[in-house]
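Bear in mind that the values in this text are calculations on the coordinates, not laboratory data. Values in this document were obtained by computation on a predicted structure and should not be read as measured data. Quick reminder, even Gly has a Cβ in these numbers, built from the backbone with ideal geometry, and neighbours come from all protein chains shown.
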Amino acid sequence: MPRTLIAVLLAVLLTGCVSMPYETNENPLQAFQQVKPHSILVLPVVNNSVDVMAGDSVLTTLPKLLGERGYYVFPVNTVKTLLEYEGFSDAQEIHSAPTEKLVSLFHADSVLYVTIYSWTAQYLVVSTTTQVDLEYVIKDANGNVIFSDRRLVEYTPRDNSTGDFWSDLVSSAITAAIERAAPHYLPLTREANAQAFLYNRYPLPPGPYHPSYDQYYLDVEAKAAAETAGQYLNP
C-alpha cells in the first residue's frame, strides 16, 4: 500500500477529521481526458491566511502525491527560483499571468494553481479546531480548466471521558492547548490533497508513468464508443 494512502488513512482514523467536498461542475474529467497531460507545473500557492508558512507547507505535500499518480512534477523550489528570475515574485501575480507564458518557461503541458482560503486553529480554552480550506485548479497549456476541486478539512481533538467532570475538563484544556501550540496542519493538508485527487467522485486520472494509465484510457475510449453506438441505436 502506498505510503501516501497509509498516511491519509491514519489521519482519518486517529484524528477524526471532518471534510467537505466542493464540486465545480458535473463532468470535470472530459477535458482532462482529452488533453492527457504528462507533466504538472505546481505554482507557488496563493495564501489568503495569516500564516506565512502555509503556502510552503502545502507545496511540501503535493509533489509526492502527484508523482505517485503518474505525472512528472517540476521541482517546486526550482520553479520558484526560475519564476523569481523572470520577475515573478508574488504568488497572486503568478496566478494572474497568462498560462501560456508560464508553461513556455518550463515546457509543461499542465499547470496546478492552489489557493489557501483558510489555515487556522481556533482556540476556545477546552477545545481547539484546526481547519484548512484549499482550492485546486489544473489548466492545460492554453489556459483551459481541465480539473478543479475544493476541500475544507477540520480536526478537533477529543479525549475519552473518565466520568469525572473536573478531570475531563483539565484533560480537554491540556489537549486543546497542545493542538493550539502544534496544529495538525500537515496531516489535514495531506488529507485534503488525497480527497481532491484520489478519493474525489471524479479522481485525477492516472498519468503516463502510472501502471494503470493505458488501461484507464482504453476504458475511457470503450465507454465513449459504447455511448456513441447507443446514440445511433436510440436517436
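Net length available on complete extension from S118 to E86 is 8.6 nm, with 0.36 nm assigned per residue and the Cα-Cα distance removed. Set the Förster radius R0 to 22 Å, insert the Cβ-Cβ distance between L198 and L29 as r into 1/(1 + (r/R0)^6), and round the FRET efficiency to 0.05. E(calc), rounded to 0.05, equals 0.95.
Site pair T60 and H38 shows an inter-label distance of 3.2 nm when each label is modelled 7 Å from Cα along Cα→Cβ. For region 34-52, backbone nitrogen atoms closer than 17 Å to the point 7 Å from K101 Cα along Cα-to-C-beta are found at 43-44.
List the GluC sites (Glu not before Pro) within region 59-106 that fall in a DSSP loop (any state other than H, G, I, E or B) and whose Cβ has at most 13 other Cβ atoms within 10 Å. Answer in residue order: E86.
In straight-distance terms, cross-link reach from K101 covers every one of the lysines whose alpha-carbon lies under 18 Å from its own, apart from those fewer than eight places away in the same chain; here that gives K80, K139.
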